[in-house]
Amino acid sequence: MTREENLNYRSRNIIGFDINSTIFRVFSSSDWLIDAIRNQSLTLVKPNTWDDPFENVVFRSTATMKDGRRVGFSKIERLFYGLCWTLNGAETDALWRIYSPRKEGVRVQVNASRLYDSFFNLDNEFAILSYFIGKVDYLSEAKIKEKFENPEILSAFVFDSTAQGNALTLLVKRTEFAHENEVRLIYRGNKERDDLRNPFYRFHIDPNDLFEEALFDPRMPDNRYSCYSDELKKLGFKNKISKSSLYSLPTLNLKLNV
């Protein structure tokens, strides 16, 4: 497709949420944010690296054809890359403990529309088949099995010529993970453009245009936070940098009636 056609059709690949939403991502190591800003890029990874097998249940499975043959989906799976975000804006103790286990993390805030603009390469002739952003659908294990064990539904997902069906299989998780409230960037690679042996897919960003805020782990030592803050400024990052006050001792106006 031409650049103009890609521009006209790209909204089709926004799945299940308001693209003008604010979304967040916690880098478990602040060094990863430093690298993203230094290299002006974000990195997607292969879905087979995700922890929960139900996040990629179709491509990790095999199916039975009408003639009894068993087929796998490894050739499809190898095309895909993903990057996870969340709609959860409220800070919680659980957020930092889960996503920043070594107390080294930093959370960035972005506008989903700006993120999608950076991600969606209008000059890629295969763009409409390649770039997706969508909200994860949380279902019970029974519902997931019911959905994908239906031959008509599975065939529609696997053989969808728009590639959206493929992407939708990567937007399903179990209800036990619903607290994550995830939004995912999904890239479908093309053997003519990409080295599909590479476990990573990177795309260019303007950090100052994309990252509205960098919020560091509240448990991070102050001297460590100062070093990271200084490094971000040296790299030219001009937006808000702060350390979470979640664990800061509150100032109380205490009085005794004596």
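The values are calculated or read from the model by the stated rules, or taken from the named source; none is laboratory data. Please read these numbers as outputs of a predicted model, since none were measured by experiment. Heads up, the Cβs are rebuilt from the backbone with ideal geometry, glycines too, and the neighbour counts pull from every protein chain shown. Quick note on the areas: whole protein, heavy atoms, side chains included, nothing else; ligands and nucleic acids left out. Shrake-Rupley method; radii C 1.70, N 1.55, O 1.52, S 1.80 Å.
Hey, with R₀ at 22 Å, roughly what FRET efficiency would Glu149 and Asn48 work out to, going by the Cβ-Cβ distance, to 0.05?
That gives a FRET efficiency of 0.55.
Out of all DSSP beta bridges in segment 105-224, what portion is antiparallel? Express it as a percent rounded to 5.
Working: 9 of 12 bridges.
Restricted to segment 105-224, the bridges split so that about 75 percent are antiparallel.
Once the Cβ-Cβ distance between Glu212 and Met65 is put in as r, and R0 is 41 Å, what FRET efficiency do you end up with, to the nearest 0.05?
0.25
Would you work out what percent of the accessible area of the chain, with all protein chains in place, is carbon or sulfur (probe 1.4 Å)?
Looking at the chain in its full context, I get 49 percent from C and S.
Find how many whole Å separate the alpha carbon centroid of segment 126-203 from the alpha carbon centroid of segment 237-258.
Taking the Cα centre of each part, segment 237-258 and segment 126-203 sit 42 Å apart.
Name the shape class, rounded, prolate or oblate, that the alpha-carbon gyration tensor gives for segment 92-244, where a ≥ b ≥ c are the square roots of its eigenvalues, rounded holds for a/c under 1.5, and otherwise prolate holds if a/b is larger than b/c and oblate otherwise.
Oblate, because a/c is 1.5 or more while a/b does not exceed b/c.
Label segment 1-76 by shape, choosing from rounded, prolate and oblate, from the square roots a ≥ b ≥ c of the eigenvalues of the Cα gyration tensor; if a/c is under 1.5 it is rounded, and otherwise prolate applies when a/b is larger than b/c, oblate when it is not.
Working: a/c = 2.33, a/b = 1.40, b/c = 1.67.
Taking the square roots of the gyration eigenvalues as a ≥ b ≥ c, segment 1-76 is oblate.
Please say if segment 117-185 is rounded, prolate or oblate, where rounded means a/c under 1.5 for a ≥ b ≥ c the square roots of the C-alpha gyration tensor eigenvalues, and otherwise the choice is prolate for a/b larger than b/c and oblate otherwise?
Oblate shape, in that a/c is at least 1.5 and b/c is the bigger or equal ratio.
How many Å² of accessible area per residue for segment 141-258, probe 1.4 Å?
62
Counting pairwise Cα distances across the chain, what percent come out greater than 35 angstrom?
Every Cα pair in the chain considered, those over 35 Å come to 23 percent.
Taking the highest mean first, how do the peptides 161-172, 142-153 order by number of other beta carbon atoms within 10 angstrom per residue?
Per-residue mean Cβ counts within 10 Å order the peptides as 161-172, 142-153.
Can you give the FRET efficiency to the nearest 0.05 for Asn223 and Arg12, using r as the Cβ-Cβ distance and R₀ = 41 Å? Mind dumping the intermediate values first?
Values: r = 49 Å, r/R0 = 1.19.
Result of the calculation: an efficiency of 0.25.
Rounded to the nearest 10 Å², what accessible area does Ser21 show when all protein chains are kept and the probe is 1.4 Å?
Spelled out: Ser21, probe radius 1.4 Å, area about 30 Å².
Listed highest first by mean packing, meaning other Cβ atoms within 10 Å per residue, what order do 41-49, 212-220 come in?
So the peptides 41-49, 212-220, ranked by packing, come out 212-220, 41-49.
How much length is gained on full extension from His204 to Lys233, taking 0.36 nm per residue of separation minus their Cα-Cα distance? Show your work: numbers first, answer last.
On the way: separation 29, 0.36 × 29 = 10.44 nm, distance 1.97 nm.
Once the chain is fully extended between His204 and Lys233, it gains 8.5 nm.
Sticking with the crude label model, points 7 Å out along Cα→Cβ, report the distance from Glu4 to Asn257 in nm, one decimal please.
It works out to 7.8 nm between the two label points.
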